[in-house]
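The values are calculated or read from the model by the stated rules, or taken from the named source; none is laboratory data. It should be emphasised that the depicted structure is a prediction, and the values quoted were computed from it without experimental measurement. So basically every Cβ, Gly included, is an ideal-geometry build from the backbone, and we count neighbours across all protein chains shown. In case anyone asks, the SASA skips ligands and DNA or RNA and just uses the protein heavy atoms, side chains included. Shrake-Rupley method; radii C 1.70, N 1.55, O 1.52, S 1.80 Å.
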Amino acid sequence: MNLQEKIEDLRKRTMSDLRAVADEKTLNNLRTVMLGKKGELTEILKGMKDLTNEERPVIGALANAFRDEFGVKFEAKKVEIEEALMNAALESETLDVTLPGDVQKKGSRHILTQTQEEIEEIFLGMGYEIVDGYEVETDHYNFERMNLPKDHPARDMQDTFYITNEVLLRTHTSPMQARTMDAHDFSKGGLRMIAPGRVYRRDTDDATHSHQFHQIEGLVVDKNITMADLKGTLDLVMKKMFGQDRELRWRPSYFPFTEPSVEVDISCFKCGGKGCNVCKHTGWIEILGAGMVHPNVLEMSGLDASVYSGFAFGLGQERIAMLRYGINDIRGFYQGDVRFLEQFGK
Ligand code: DAH
């Protein structure tokens, strides 16, 4: 057999081997046998140097053509094997899409969290900062800095859980007024904040009372803040929360930390003011307490009350949610009963 015949023979064998290959390993072996260091074609190419000048171009062309053909068919075979593998996998892993699936129960944020976030959004839009407070507070911030000195009779309305004589669970979010004023650099401008959070009272739990509930404190302190700013702000917020047709009613009230103090009612969103069970047939719903920050409170934070003034308000998150969603028992918020919670899933 001369070299030309040898190449032709090798080509035929290789091509028929290649056609028979059915897996990647055998395919790669075939390449090694052909083109590896000691491969059959490699050996032929190595022997080219011993050929005569006439033979060399002929054999060279033949060997190169064979190598190119092998390359092309090798790649085609590789693709064919990969496709076969993929098809086999697809076939063995088919899903019966008509089978009933596992229903994935989606959780949602608690209705109080949703309410809080909604209120936060409104105030963020007006440039307020949101601050976090301490649930374990000192008597100093919870009462004294709120203008409720020791033995002040108004302390009775906010009896709470004492840890020591001076440390207690806060009865309201109002201590955050003093804390944020203390921390604020008024040389850089006024203060606008809301402070949401849990508060505690020594109450007997019933449908409308809980020993633990949530408030949102609001405070604005700057030069030239007036009651008109308070009215405009709350008017806007309450309309966003309860509808554009709502009206606010302002009644004089008393809080030690504001002067003057007001209690704010909104016109009933259920009956529009005619009288119904939601507004207890008065047409009005009591919604929050507010007022102009008492000069003593400003002065205790080192502010000159003849230069600075401010307004503050405090609202109960549960009360807002109960009114908006017609919830008639506050205990539903804390019992973790999914049948209650699911109703507000968003
Ligand atoms: N801290 C009061 C309470 O818990 C609510 C309150 C009323 C807060 C008037 C205020 C305010 O900031 O101005 O009953």
Study note, to complete from the structure: Whole-Å distance linking the alpha carbon centroid of the stretch 178-253 with that of the stretch 58-114 is 60
Check your understanding: Once you list every other residue whose beta carbon is under 14 Å from the beta carbon of Phe242, what net charge do they have if Lys and Arg are +1 and Asp and Glu are -1?
Key -> +1
Check your understanding: Ignoring ligands, DNA and RNA, what accessible area per residue does the chain give at 1.4 Å, in Å²?
Key -> 57
Exercise for review: Run the quick spin-label model on Ser92 and Asp329: label points 7 Å from Cα toward the beta carbon, then report their separation in nm to one decimal.
Suggested key: 5.7
Check your understanding: Roughly what angle does helix 3-20 make with the longest principal axis of the chain, taking Cα atoms, 0 to 90 degrees, to the nearest 10?
Key -> 40
Review point. Between Ala154 and Lys188, what is the FRET efficiency for a Förster distance of 35 Å, r being their Cβ-Cβ separation, to the nearest 0.05?
Key: 0.55
Check your understanding: Counting only residues 5 or more places away or on other chains, whose amide H sits under 5 Å from the amide H of Arg109 once H atoms are built in the peptide plane?
Key -> Lys346
Review point. Of the accessible area of the chain, with the probe set at 1.4 angstrom, what percent is carbon plus sulfur?
Key: 52
Practice item. Please compute the net charge surrounding Arg19, taking Lys and Arg as +1 and Asp and Glu as -1 over other residues with Cβ under 14 Å from its Cβ. Key: +2
**Study point:** Solution diffusion estimate, µm²/s, Stokes-Einstein, the chain, Kirkwood Rh from C-alpha pairs, 10 °C, viscosity 1.306 mPa s
**Key:** 59
Check your understanding: Within a Cβ distance under 14 Å of Glu299, other residues only, what is the Lys/Arg minus Asp/Glu net charge?
Key -> -3
Review point. Between Thr113 and Lys6, what length comes free when the chain is fully extended (0.36 nm per residue of separation minus the Cα-Cα distance, one decimal in nm)?
Key: 30.2 nm
Revision key, fill the gap. Flagged as over-length at 18 Å C-alpha distance, from Lys6/Lys73; Lys105/Lys346; Lys239/Lys270; Lys12/Lys37; Lys240/Lys270; Lys239/Lys346, the pairs are Lys6/Lys73; Lys12/Lys37; Lys239/Lys346
Practice item. Based on alpha-carbon positions alone, could you give the equivalent ellipsoid semi-axes of the stretch 20-120 from the gyration tensor, as √(5λ), descending, whole Å? Key: 64, 20, 11
Revision key, fill the gap. Over all Cα pairs of the stretch 94-215, the Kirkwood radius sets Rh, and Rg/Rh then becomes 1.20
Review point. What percent does the relative contact order of the chain come to when contacts are Cα pairs within less than 8 Å and at least six residues apart?
Key: 14
